1. Considering only protein heavy atoms and a 1.4 Å probe, what is the carbon-and-sulfur percentage of the accessible area of the chain?
2. Please turn the phi angles of segment 71-77 into ³J(HN,Hα) values with the Karplus equation 6.51 cos²θ - 1.76 cosθ + 1.60 (θ = phi - 60°), one per residue in order, whole Hz, x for glycine and proline.
3. What number, rounded to the nearest 500 deg cm²/dmol, is the helix-based mean residue ellipticity at 222 nm of the chain, given -39500 (n - 2.57) per DSSP H run of at least four residues and division by all its residues?
4. Just checking my list [x] 17.6, 72; [y] 19.6, 60; [z] 28.5, 79 against Rg and Dmax of the Cα atoms in Å computed from this structure; which label fits?
5. Report the one residue of I56, W46, Q18 whose Cα lies farthest in the direction of the positive end of the charge dipole of the chain (charges on C-beta: Lys and Arg +1, Asp and Glu -1; origin at the Cα centre).
6. Taking Cα pairs under 8 Å and at least six residues apart, what relative contact order does segment 23-161 come out at, in percent?
7. Springs between alpha-carbon pairs under 10 angstrom, Gaussian network model over the chain: which of Q107, Q18, Q89 fluctuates most?
Amino acid sequence: MFTFPNPKTTDPRERRVQRILEVIPGILTWATILGMFILSFLVPIWVAVFIIAFDIYWIYRTIFIAYYSVVGYRKLRKGKGIDWWERCQNISDPEKYEALLAEKIIQMKRSLKVREKMTRKEIKILKKEIKDREEYLKEVKKLKKIKDQILDWREIVHVVM
């Protein structure tokens, strides 16, 4: 049975250091809040500059986090749309898989030429799919060089990320 380790140290000296490190964030928070209030009577211009700089920093951090959250979400959605089962089954023979992907791309491009039966949305989706397949085809071509290093997916028991 698995038991979680005790986060508290047993050595009194290490415990004191650990407790000091635990208290630092709270002390800094209260020092910032109370310091702005007290110093606003003594040096109001410097407090105003500090508050503006602090606000700009947090706006920057918020935009940074929001941007990378959206990028991560799009990568997740793109990854969910990939047929991983097909890739696992075919990647052990990159030459054969390259020919298969190239044939699928050619078929999609042919169907793109017959536009009368497709809506704009379907054409856009098909173009995106062709682009994605061409990017993956480039990756498969790179894998041909290291074919001997590719593991058989049936021999992999567990992957931890």
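The values are calculated or read from the model by the stated rules, or taken from the named source; none is laboratory data. Because the structure is predicted, anything quoted here is derived from the model rather than measured. Methodologically, a virtual Cβ is constructed for each residue, glycine included, from the backbone with ideal geometry; neighbour enumeration extends over all protein chains shown. Surface accessibility is based on the protein's heavy atoms, side chains included, excluding ligands, DNA and RNA. Shrake-Rupley method; radii C 1.70, N 1.55, O 1.52, S 1.80 Å.
1. Result for the chain: 65 percent of the exposed heavy-atom area is carbon or sulfur.
2. 4, x, 5, 5, 5, 5, 4
3. Working: 5 runs with 119 residues, N = 161.
The helix contribution divided over the chain gives -26000 deg cm²/dmol.
4. So the structure-derived entry is [z].
5. Value: I56.
6. On the way: 40 pairs, mean separation 34.5, N = 139.
For segment 23-161, the relative contact order is 25 percent.
7. Maximum among the listed residues: Q18.
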